[in-house]
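None of the figures in this text is laboratory data; all of them are computed from the coordinates on show. Remember, predicted model here, so these are calculated numbers, not experimental data. We place every Cβ from the backbone using ideal geometry, glycine too, and count neighbours over all the protein chains shown.
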Amino acid sequence: MDIRLTVEKLIAYAKANLALKEEDEVYTRNLLLSVLRLPSPLGGEADIKDAANADVPDALMEEIAEYAKKAHLTEEGGEERFAANIFGLLLPMPSEINAAFRAAYKEGGPEKACDYLYRLSVMSGYVQKTAISRNLKWTYDDGKSGLEITVNLSKPEKSNKDIAKLAHAPKGDKYPSCSLCKENEGFEGSATHPPRRNLRTVKLSLGGERWFLQYSPYAYFEEHCIAVNEQHVPMHVDGRTPDKLLDFVDYLPNYFIGSNASLPIVGGSILNHEHFQGGKHLMPMHHASILTHYRSEEFPTLEFGILDWYNSAVRFEGTDRKEVAACAAKLIEGWENFDCPECDILSHTGETLHNASSPICRKIGEKYSFTVILRNNRTNEEYPDGIFHVHPEHLNIKSEGIGLIEAMGLFILPPRLKRQMGEIAAILTGDAAYDESALNDPANDLYVHRNMVKKLLSEGKAANMDEAEGRVKDYINQTCAAILDNTAVFKKDENGRRGFDAFLRSLGFQEA
Ligand SMILES: [Zn+2]
């Protein structure tokens, strides 16, 4: 490998894919020579066609990382960061990205603008398309809206305890304060902070505040974006949140947008910086219909009702933005203080709040479609991790909190499951021996799955690997559905129905 050829390939790649302009070519080549400590570029013709036509930056990134290691241009383990740094140099400055985004918006509308930023985020290696394509993905047909399940191989598993620790971590001297802060744009990264040299964002104005839009590097679904407050302020969902979400969908009606609940256990993994998540993909929950219709004199134009969905969600739709915003605010604020001891719902313990909501919005033509998922994070003796959290018998499949994405029916399962699913399937076919006492050893990789293995085996051996894998997947499907049922504050029984009705009546809604 000749690194000087890599430089020419990078220039060709950046011209084709990263909006590098001809006027900036010589300048950028010199930047690369400087960072790679090369005295001069390659002379003569270079074969750069493949590089210009590449659809991901991986091969070039690997060449840079390999050279950085060989030439001792970075400390050990810093190769990936070094490569991200190079791609950061090739990208336009944030001001140019913002101008190009606005120009694309003006010319071709929100889709064209989003296409521009998304493509750039993939081609700069920020959105890790290759890693994402290696994830295991399938859908569970439950006879209704279905569930989507992904075993994510690129993101490490976090426990609720890790998340709580992060939420209460002092801001201190850490720079950037967190992984969502605006200050990540162009940040080189360190051994403890991921490289963000190739991150680019565009400005948003939500609820009169300065926010910005970026894409998720892990891309749980199609064009998974994050809207982030420019200020490092904690997550909070209140009566002003609906207006921010409505501003988002008015500007980018091609994406849905939603907020995690703002309490631990029910609120996703980043609670210390206000942000929303959204994207092009429609979630299983979006396909659910209204089960029980309600009406209210206060909101005469809205179609309103309880959603036919696993957890407790209300949907309302209408074209009058003011009415939609007021209805959402009423639900969010009303839920905060609603108690229903028969359903185990206590909104407070002393000063500590337990009720939280997750508002989600999208636009269908001129109509706003708003969903509010009701959550509660209370714990008790029987459920020390949360009454409306993944119950202990399901923790082997998912131990993290059930945040916005899962609550909408898309499960992101930990990478360890890929290996463990294979191991369990091998036991089912008999290719691997079943040793019950070995599985009872906490050091065993399948210890957490011992009950699952026992149950699956009690239903008989599998004839072949296909059947075994199908049965393991089916077990996971049922578990994901049961987990969502766990998170429902109003269960699908008489008690739950009465409680849900009492909540809506307390806000002035009557069953239609
Ligand atoms: Zn932050």
Checklist line | Inter-site label distance for A16 and K473 at 7 Å from Cα along Cβ, in nm | finding: 3.5
Margin query: For a quick check: sort Y126, Y368 by the number of other beta carbons within 10 angstrom, fewest at the front.
Written below: Y126, Y368
Notebook entry, point to check: What Kirkwood hydrodynamic radius, in Å, does the range 395-512 give when the mean of 1/r is taken over all pairs of distinct Cα atoms and then inverted?
Noted result: 16.6
Checklist line | Proximal charge balance of S369 [Cβ under 10 Å; K/R count +1, D/E count -1] | finding: +2
Next item on the list: May I ask you to order 197-205, 261-269, 415-423 by the average number of other C-beta atoms within 10 Å around their residues, highest value first?
Entry: 261-269, 197-205, 415-423
Note to self: Sort 438-446, 57-65 by packing, meaning the average of other beta carbons within 10 Å per residue, with the highest value first.
What the structure shows: 57-65, 438-446
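Give me the extension gain from K70 to K129: residue separation times 0.36 nm, minus the current Cα-Cα distance, reported in nm with one decimal.
Fully extending the segment from K70 to K129 adds 18.6 nm.
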Notebook entry, point to check: Looking at the range 1-160, what % of the alpha carbon pairs are farther apart than 21 Å?
Noted result: 56
Note to self: Suppose the chain between E459 and L33 were pulled fully straight at 0.36 nm per residue; how much longer would it get relative to their current alpha carbon spacing?
What the structure shows: 147.0 nm
Notebook entry, point to check: What list of ³J(HN,Hα) values in whole Hz, one per residue of the range 200-212 in order, does the Karplus curve 6.51 cos²θ - 1.76 cosθ + 1.60 (θ = phi - 60°) give from phi, with Gly and Pro shown as x?
Noted result: 10, 10, 10, 6, 9, 10, 10, x, x, 9, 8, 10, 9
Margin query: Using Cβ contacts closer than 10 Å as the measure, can you line up I405, I364 from fewest to most?
Written below: I364, I405
Notebook entry, point to check: For the chain, what is the percent of antiparallel DSSP beta bridges, rounded to the nearest 5?
Noted result: 95
Next item on the list: Would you calculate the separation in nanometres between label points at A433 and E366, each defined as 7 Å from the Cα along the Cα-to-beta-carbon direction?
Entry: 7.3
Next item on the list: Select from the range 190-256 those GluC sites (Glu not before Pro) which occupy a DSSP coil region and have at most 16 other Cβ atoms within 10 Å, ordered by residue number.
Entry: E222, E230
Margin query: Return the unpartnered cysteines for the chain, using a Cβ-Cβ cut-off of under 4.7 Å.
Written below: C114, C178, C181, C225, C327, C361, C480
Check: Tell me, what is the Rg over Rh of the range 63-103, with Rh the Kirkwood radius over Cα pairs?
Finding: 1.22
Next item on the list: Compute the Cα gyration tensor for the range 3-90, then decide on rounded, prolate or oblate, letting a ≥ b ≥ c be the square roots of its eigenvalues: rounded whenever a/c is under 1.5, prolate when a/b is larger than b/c in the other cases, and oblate in all that remain.
Entry: prolate
Item checked: Integer Hz, Karplus 6.51/-1.76/1.60 couplings in order for the range 74-79, x for Gly and Pro -> 8, 6, 4, x, x, 4
Notebook entry, point to check: List the GluC sites (Glu not before Pro) in the range 439-512 that DSSP assigns to loop (not H, G, I, E or B) and whose Cβ has at most 12 other Cβ atoms within 10 Å. Which are they?
Noted result: E459
Notebook entry, point to check: How would you rank D173, D339, going from fewest to most other Cβ atoms within 10 Å of each one's own Cβ?
Noted result: D173, D339
Notebook entry, point to check: For the range 91-105, what does the Karplus curve 6.51 cos²θ - 1.76 cosθ + 1.60, with θ = phi - 60°, yield as ³J(HN,Hα) per residue in whole Hz, taken in order and with x for Gly and Pro?
Noted result: 6, x, 5, x, 4, 5, 4, 4, 5, 5, 4, 5, 5, 5, 4
Margin query: Taking 4 °C and 1.567 mPa s as the conditions, I'd like the Stokes-Einstein D for the chain in µm²/s, using the Kirkwood hydrodynamic radius from alpha carbon pairs.
Written below: 52
